[in-house]
Every structure is written in structure tokens, then in C-alpha cells.
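Read through the structure below, which is laid out as C-alpha cells, and then see the notes.
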Amino acid sequence: MSNKPETKLTRRAFVAGSAGVAATLAVGSTLAAGKTLNVLSHKVHQTVLGSGDGDLMAAWRKANDAEIAFTTFDSNPLQDRLFRESSLKETEYGVGYLIDNRPTSQIAALFEPLGPYQDKDAIEDFADIAPGLVQGMTVDGKLIGIPVRHATQGLFYNEALLEEAGISAPPATLEELIEQAKKTTFTSKAGTPVTGLVLASDLAVFPVMFARAYGGDFISPDLKLVPNREALEQGLAALRAMFEAGSLPRSYATTKNDDQVTWLQQGRAAFTVLPFARGAQLNNPEQSKFPGKIKAVEFPGSAAIKGKVPMASVVEAWAMAIPKNARDKALAWSFIREVSSKRVTLGMAINGNGPVRVSSYADAGLKAKNPLAAVEAKVLATARGAFPPFPEAARAQATFLEEVQLAVLGRKPVKEAVSAIIERVKPMMPA
Amino acid sequence: MQLQRTARILPLLAPVHLLILSVIVLPSLYVIWLSLNRSSFGQVPSFVGLQNYVRVLADPAFHGALMNTVVLVIVAVHLELALGLGMALLFASGLPFRRLLLVAVLAPYAVSEVTAVVMWRFLFDPDAGPITLALKAFSLPTLDWSFEPSHAMVLIGLLTIWLHLPFTFIIVYAARLAIPGELYEAARIDGATRWQAFRRVTLPLLGPAMLIALLFRYIFAFRLFSEAWLLTKGGPARSTEVVAIYLYQEAFSFNAFGSAAATAWIMVAASLLLAAGYVLLLRRGGLSHAH
Amino acid sequence: MRTERFFFGAGKALAVAAILLWSLFPILFIAASSLKPGQDIFAVPPKWLFAPSFKHYAELWRSWGAFFDGLLNSLLITAGATVLAIAASACAGYVYSRNSGRWLDASITGLIVVRLIPPIVVTLPLFPIVNALGLNDTHLVLILLYATFFVSLGTVLMRTFMDQIPRELDEAAAIDGASRLTILRKVIAPLAMPGVLAVAVFVIVFSWNEFLFAFIFTATKAKTAPLVISEMIGSIDGVDWGILFAAATVQLVPVLLFVVVMNRYLVAGLTAGSTKG
């Protein structure tokens, strides 16, 4: 009838075949001998633990006859997956990595309280771990996670562009930053239009930092909404003024975190606020047009608070937790102990991880490898999270950002926006 | 007699219906129940009746999202159908290098949404994007999409058409290919002009296919998510938000599962209203055939 | 007469050029970016001339081995879902085409209406169920899920195409002693090939690039390529755009290849359809 080649495989054969293949693959490598600890984390947590010759966990694996199997996701999907897994009857994951602004009372209840484990089999020199971070992982009096990584925000600037604009030193106060951002909004010698300061608009981190620079905050650690109204207004007004002057990009509303990195690398912006750990990437000669020229300082507070209130930059911390429905909790705790040890913490720091131990910063090797280590340690001392965890925190953040965007873009007067923030977020605060 | 026929056709119908039943229908029953509760991680669901529905329906942000979605869907889908029809006819009328061109036309469909958005974001970058610069060079208006919500909606519309035009095109083109050449022969012999042949032969025979393309494209477009989320995240200040973003935020950002479930059902009702006309047409013309 | 044809031809050429530009420009940009040095990808002003190198591909191979495992998983899942979707849709479409009745009409409307439910919410109850059945992180679960999302469209499309195949062919084959299934396989399916291929393209493209369900239901063993790519756009250690575009280009190629191959069958299907014996 037709010369068209007929498919050789019949439907039944193929379905049976692929089901068979699928079944085999499903059984797969669990037939390997020895124990396996399944860890749910971000890829960076796996990378900083090293591999091959630099594997920091090699001794632990031999001693426990256990393999470590990482399942990695990006940050937000990771948290979502972790909570889903922890809500099942039983999960195959022994250790999950938590971000510090997530554990509310309900979520904390999904994880093992680690106090008893610490009592029985303590972590080496526990007091050495930054107390603020440990506090952040203590919910309802129970310790549910051991801090393992932190990312503190700093002010990055392009030395070369500053020089071109005639600026010899980075800003020491917020007012100086605003001034310098204005000066560096120009067209550079390379023909690139430069915007003074580039910020992402979908993270509360930045407006919060501006509010704190004037001595205020969005939500204080003891859950007070907008404790200093004037300070928040001043912070937003500063952002608005910068947008109007063109020293914040016109595309502010759709600028993302990655854009901040790209713009600095390409010389499209002179300043940005990013975690100190990004220093390496910003100066990477393969990706950046200004390798070695992008430096960082502490984000400056306003001249008004200088000497009175320390500038509390934003820090985000990760911690290791054990889901309550995990199978092998003893092995999980052993892993956590080892990763928290002084040796491994330092090793991870040398691999680019933000160390949670105060003693790590004193290490000469780390200071040599990471030029920003000293600055980071100083900022960390007074840093805290963007906002404390509570059930409606995500919704509060979204509402906050909505009003901030309206204010910065000039669609709403600053005072009105702040009133709206207070009015709309108040019902979301815990009673 | 009826029973015998039923027994014969049931095994052939079974796979499709079993899949739909187990993956969509049964879980949906749970979702109905969920929409009447407050539920989140680490919480036991607590019954709240219709509170979720009331909250969502009263939320001005939801109204905005719904309006954005409806306008976007109506404009983009019809535009896409027109373009798809035009392209299908162009191909059917004979083109050189047809195979190569076909690959070119279908290529955007193969690109993942994430990659496509990264590319289009850069191409249309208001300061530095190649397309923006080209438009400026020709003194044409540019898309100020990162500042003006309406411009952003236009870009989102363009992006979704770019990504999904091949879908519409394939359906219409395949249907066009299935029209036997003899019919056009006969029309030509009867002295029909190109236009008459199009109206009397092509259009009626393409009718069912176009309707299917339209209907399913409606269904998919109503759920448009990645194009808007990756481009603007629904900003600035939620002005380019679509209902799928609203749903995503409830489910994944705020972990308010009850609210998310309610939003989903409201979406179903809304898209049903929107697509009702087409479903009726399909039922009348296509689905029920008297043999 | 000559001028009319000239304008027609010119119009066509213009349309073709527009189509090519519209479709291919962004894609060529992606592919070109994967060959550019890292700092030039998002350079302002944009850099058009550069010395191409496969450095990013080499780096992709070196540091993101998981991506290639993901490609293999995607391949298995996509193939399985496509076969399942086509087979199920063809069977059901055949029944709907050759029969009618109140229940049948209601059920096919139901198939369409059911698709109005946003798949995202269905994951909430499905996650614990899939885990309880032990199907999490298997290829089978994604095969079943992806196929399910296209059987409605598939059934309706198959029905439409099969409607155009005259019943006399069925009857002739039945007289020769063929069973229903054989009629479907040997007589109907070849003639409905354009419809089959259309459904195939949809399922393949969807399964190949799908993210949400792959993210929720897999972990390591069945991790698909889009999941790995989303990790590359990670928020902690930043994006290496060169590697990302290399991965995106690699991700594109198999589907494009399929489209090229499918072309041949599409044209062959046309030939088969018009010579109805």
C-alpha cells in the first residue's frame, strides 16, 4: 500500500521493554554494599567538601564504612523539597541543609532537636561557632540545626571605574556612597554606559540594608514591625533619589541577582551589594572584564549613626538539620559532627565557604587565600538576617517589596508606601 | 449488543482513562478538600470552609492578575492562530528547501523556556540589547519593558508566541497536509479562484483542527507562567502578574496550600468560562458525529 | 500575469526571510554565545566578531558530568512517555472515531475539561502517594505523568485524523479476518501518521524540557537535564554563562534532530494519505 517504513517495534513490545528498563534502573545502585548517607543540599555544599585528593570527608567515610550521596537543588527548590520530604512518613534523607530565615515553629517541628545529640556526643569546641548563628537555629528553645555556612553582604566597587570618575577611595558613609554613585553614572572610556549602583529589586536584603543604615529596620529580631519609621522613610527616599538621578538602573524593577554580577563584570555598574564570597567570581579573568579591580568594603551606614549604632549588614546562614522521619539518625549526627569540626570548617573555608567558626578567620592560610576574609569577619560581628522567621514571613517580604518598588519607581510617595507597608504587614505578624 | 460493543471498546479506551483518572481526577478530589482548609508544612490541615475562596476572589492583586491573563490569552492565542494558519498555507503552496525551513520553524519549540527568556532578556535589554539598539538605529519605538507594565506584557506576549507558534503551526499544517490533493484539482477544474478554493475547501476542512489548536492553546496559555515569571516575576509591583504566578506564589513561596488549591479551582472556572464557547463549538461540530 | 507572479514570489521570499529571522536569530545567538569567551557574552556594546572556541563545552564535560547523566535520563523518560502517549491516544482515538453515543461524547468532553486543572496543584497529593508506592526517583513515574498530560490532546487529534480515513478500509480488513487491534496498527495508523507525528512532537518537546514534575519526583537516579541546567543558574555561586549556553545548545540538538528526521515521515505520510487504494 505505502512504501513507508513500518515501525519494527510493536506497541506491546516497546512498553514492556521500557517498563523493564525502568524497573531495573529504579532498583539500580542501591544494591551497592555499605551504608549510604543521603544528604539534601545545594551543589555548593557538596563542592566545598572537596573531592578526590582534597576530599575533606575521606577519613570519616572510611571510619564509618559509609558513602555520602548528595542530592542537590538550587536554594528555594531545595527548601521546598526538604520540607516535603520531612512531611512524609519516612524519608531516605539523613541530613538536610536549612536556610536560617525559614524555620518557623511549625517547620522546626519537622526536625530533630539536636540538644540531646550534642549532650551525648558533642561537637568540637561548640562555643567557637558564632553564637548569633547558633541562636538563629534555636526555635522554641530547641536547637534544630548546626550552622555550616554564612554569606554576608558587602559593598563591591570597581576600582578602575572609580578612578576614571576621579574618586580615590571607596565610600565610608552612605551619603558618600550616594555621591559616588552619582559621579560614576557616565559613559566609560570603553564606550559602556555606566550606572552608579545596581541592585536587584526582588530581594528584601537591599531596602533593609538602607533602612538599617539610618538606624532602622523592616522587622526587628524581636518581631517589631518597622521599629523606626523615619529611618525606613529615609532609606527609601535615598533609593528613590538615586533612581531619579539615574544612578540606579531604569530597569531596577526587573533586575535580578545574576544581573548584579554580570553588570559589575562588564563594567556596566560601579557599585553593587553582594555576599563577600562572590569576590572570586567578580574578578575571574575568564568572565570579568575587570579582573583584580573589583574590591569590597563594609556597606556603609549613614553619617548620622556613625559611632552610635553599628551597621547591621545582612547575613544569610545555612545549617545542617536531621529530619524527624529520617532512618539513620546516628549516622547523620556523625556526619554533622565531622563537618562542624575545626579541620573541616577551615578546609571548606579555603574552598570558598563562609566559615561559621570565629577561629577559622584567624588562620593565616585563609587570610592569604581570601583577601576579603578580614573585612568579612568584621562585618559578621554585627550582622544579622534580613528578617526573623515567622509563619507569614514570605508573604510579608513580598508585600514589603511591592511597596518598595512602587516608592523607588516613583509610583507612590515614600511616606505613603511606608504607611502601606505598616498597614498591610501588621496583620501578618505573629500575635 | 450494547454490552458486547462496550466490552470490545473498553480495553482500547482504558489506558487513556486510567491515566487521567489516577493522575489528575483522583488527586483533584483531594485538592477540592484541601481548598477548604488551611494547610502548610508542619501543620495539620484545619477546616476553614470557603474562606480561601473569599480571600482570593477579594484580593485586588488577583483581579489584576486575572485581567492580565485574560487579555494576554485572547490576544496572543488568536494572533498565533492567524500566524500559524498563514505559515501553514505558505508551506503548503510549495517552498524551496521545505525540509530546512520546517526545521527552522519548529526550532523555537525545542528551546526550553528558561534558555529562551535569558536570551530574549538580553536581546531586548533596554540599554544594551542588540534588538533595542537596532530599533533605536532605525528610529523605531523600543520596548521599555522593565519599567512600563504594558510594554512588559507585550514582550511576554511576543515571547509566548515565539515559543508556542510551532505548536499551532504543526496542528494546522498536519491537517492541511491531510487534505487530499484531488479536492483542489476538482476545484480548479470547476474554475474556482485561489480565494474560493481557500474558503470552500481549505477552511472548512481545517476547521476542526483549528478549533482543537485554539482550544488547547487557550488551556495552555491560561496557565502561562515561565515567560512572565522569568522576565518580570510579575513586577514591577505585581503589575504584570498572571494567575499562574499568583498560584505559584501561594503554593511555593508562601506555602499556603489551601489558598493555592482554591486559586487553582478559581482558575479552572475562569478558563472554563473563557473556553466554553470553543468547547461548545467542538461538541456541536466535531465531537458528536451522527453516523 | 508576469508581474502578479513576481510579486507573489517576492512576497513569499520576504515571508520566508521573516520566518527564518524570527525563529532562528535567538537560537543562533544562544549557540554563538556558547562559543564566545565568557566575558564577551553579555558585553556592552555587543560583540559580533569573535574567535570561536569549544572551551565551554570542555568545561561542561569536566565539571558538570551530572548534565550528561541527566540527558540520558531525559532520553529514556521522553522515549517512554512518547510511546505510551501515542499508543494510548491512538487506541482511544480510534474508538471515538468509529463509535458514537452519549457516554462516549461525555467522556471525551471530560477528557478535555479535566485538562483545565493546573498540574501544579496535583503535585501536592501526588508526592506522598508516589513515595508510598516507592515510585519516587524512578523513570517510570515521570513516564506515566508526562504521558498523562498529553493523552487528552492526543486522543482528540487522533480522532480528527482518523475521521478522515474511510470506514470501508476498516470493513475490508475486517472481512479479511483482521482483529480491531490489527486494523488499528496496520491500516489506520499508517494513514493517520501526520496526527501521530504531531502528538509525538508535542510529547517529546514537553518531556524533554519539563522542570516542575521532574524536580518534585526525582532526586538523583532519574534526574533530568533541565534540573541540572536550573542548578547551573544557581543563586549561590553565580552563573557561568558560557557553560550554561553550552548546556542549552546541547539540550537543543536532540530535539532538532528529531524534527529533521520526523520531516521525512511527515512527507511520506502525505504521500500515503493521498493515494488511498
Within segment A:302-325, does at least one residue satisfy the condition of being touching a strand residue (DSSP E or B) at 6+ places or on another chain (Cβ under 7 Å), more than 14 Å from chain B (Cβ to nearest Cβ), polar (S, T, N, Q) and open to solvent by 10 Å² or more (accessible area, probe 1.4 Å)? no
For residue A:376, which of the numbered conditions (1) under 21 Å from residue A:200 (Cα atoms); (2) of a type in the set (D, E, K, R); (3) open to solvent by less than 30 Å² (accessible area, probe 1.4 Å) fails to hold? (1)
Just wondering, is there one or more residues in segment A:214-234 that are open to solvent by less than 10 Å² (accessible area, probe 1.4 Å), assigned to a helix (DSSP H, G or I) and touching a Pro at 6+ places or on another chain (Cβ under 7 Å)? no
Okay, helices (runs of 4 or more DSSP H) sitting entirely in segment B:197-291 with 2 or more residues that are more than 14 Å from chain A (Cβ to nearest Cβ) and modelled with pLDDT under 90, I get B:203-222, B:257-281
Can you say whether residue A:339 is among the β-branched types (Val, Ile, Thr), open to solvent by less than 50 Å² (accessible area, probe 1.4 Å), more than 14 Å from every other protein chain (Cβ to nearest Cβ) and touching a Leu at 6+ places or on another chain (Cβ under 8 Å), as far as the supplied structure shows? yes
Evaluate the following for residue A:401: is it closer than 21 Å to residue A:98 by Cβ and part of a helix (DSSP H, G or I)? no
Selection count where residues are out of contact with any Leu (no Cβ under 7 Å at 6 or more places or on another chain), of a type in the set (Ser, Thr, Tyr) and open to solvent by 10 Å² or more (accessible area, probe 1.4 Å), scope segment B:251-285: 1
Pairing a residue in segment A:40-56 that is at positive phi with any residue that is part of a loop (DSSP other than H, G, I, E, B) and exposed (fewer than 15 other Cβ atoms within 10 Å of the Cβ), where Cβ atoms lie under 6 Å and the two sit 6 or more apart in sequence or on different chains, gives none
Subset tally (residues that are hydroxyl-bearing (Ser, Thr, Tyr), touching a residue at least 24 places away in the same chain (Cβ under 8 Å) and away from chain B (no Cβ under 12 Å)) for segment C:11-63: 2
Among residues belonging to segment B:114-161 that are over 19 Å from residue C:21 (Cβ atoms) and touching a His at 6+ places or on another chain (Cβ under 7 Å), point out the one that is least open to solvent (accessible area, probe 1.4 Å). B:145
Pull out all pairs, ordered by first then second residue, where Cβ-Cβ is under 6 Å, the residues are six or more apart or on different chains, the first lies in segment B:211-235 and is on the phi > 0 side of the Ramachandran plot, and the second is outside any helix (DSSP H, G or I). B:233/A:202; B:234/B:240; B:234/B:241
Quick one: which helices (runs of 4 or more DSSP H) sit completely within segment A:30-103 and have at least 3 residues that are within 14 Å of chain B (Cβ to nearest Cβ)? A:75-86
From the list B:120, B:145, which one is at the interface with another protein chain (Cβ under 8 Å from one of its Cβ atoms) and part of a loop (DSSP other than H, G, I, E, B)? B:145
Taking the condition of being facing another protein chain (nearest Cβ under 8 Å) and without any contact (Cβ under 8 Å) to a residue 24 or more places away in the chain, how many residues in segment A:237-283 meet it? 6
Working carefully through the options A:330, A:270, A:280, find the one that is part of a strand (DSSP E or B) and not acidic (Asp, Glu). A:270
Filtering segment B:36-58 down to residues that are in contact (Cβ under 8 Å) with a residue 24 or more places away in the chain and under 24 Å from residue A:102 (Cα atoms) yields B:37, B:38, B:39, B:40, B:41, B:45, B:52
Taking only pairs six or more apart or across chains, which ones have beta-carbon atoms under 7 Å, a first residue in segment A:400-416 that is more than 10 Å from chain B (Cβ to nearest Cβ) and surrounded by 20 or more Cβ atoms within 10 Å (Cβ to Cβ), and a second residue that is part of a helix (DSSP H, G or I) and β-branched (Val, Ile, Thr)? A:400/A:421; A:400/A:425
Say whether the condition of being of a type outside the set (S, T, N, Q), in a helix (DSSP H, G or I) and surrounded by fewer than 22 Cβ atoms within 10 Å (Cβ to Cβ) is met by at least one residue in segment A:246-253. yes
Can you find a residue in segment C:184-205 that is more than 9 Å from chain B (Cβ to nearest Cβ) and free of Cβ contacts under 8 Å to residues at least 12 places away in the same chain? yes
Lone qualifier among C:70, C:93 - being part of a helix (DSSP H, G or I), touching a residue at least 40 places away in the same chain (Cβ under 8 Å) and within 19 Å of the chain's Cα centre (by Cα): C:70
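The values are calculated or read from the model by the stated rules, or taken from the named source; none is laboratory data. Keep in mind that this is a model prediction, so the values were computed, not measured. A quick note on method: Cβ atoms are made from the backbone with ideal geometry, for glycine too, and the neighbour counts reach across all protein chains shown. These area figures cover heavy atoms from the full protein model, side chains too; ligands, DNA and RNA do not enter into them. Shrake-Rupley method; radii C 1.70, N 1.55, O 1.52, S 1.80 Å.
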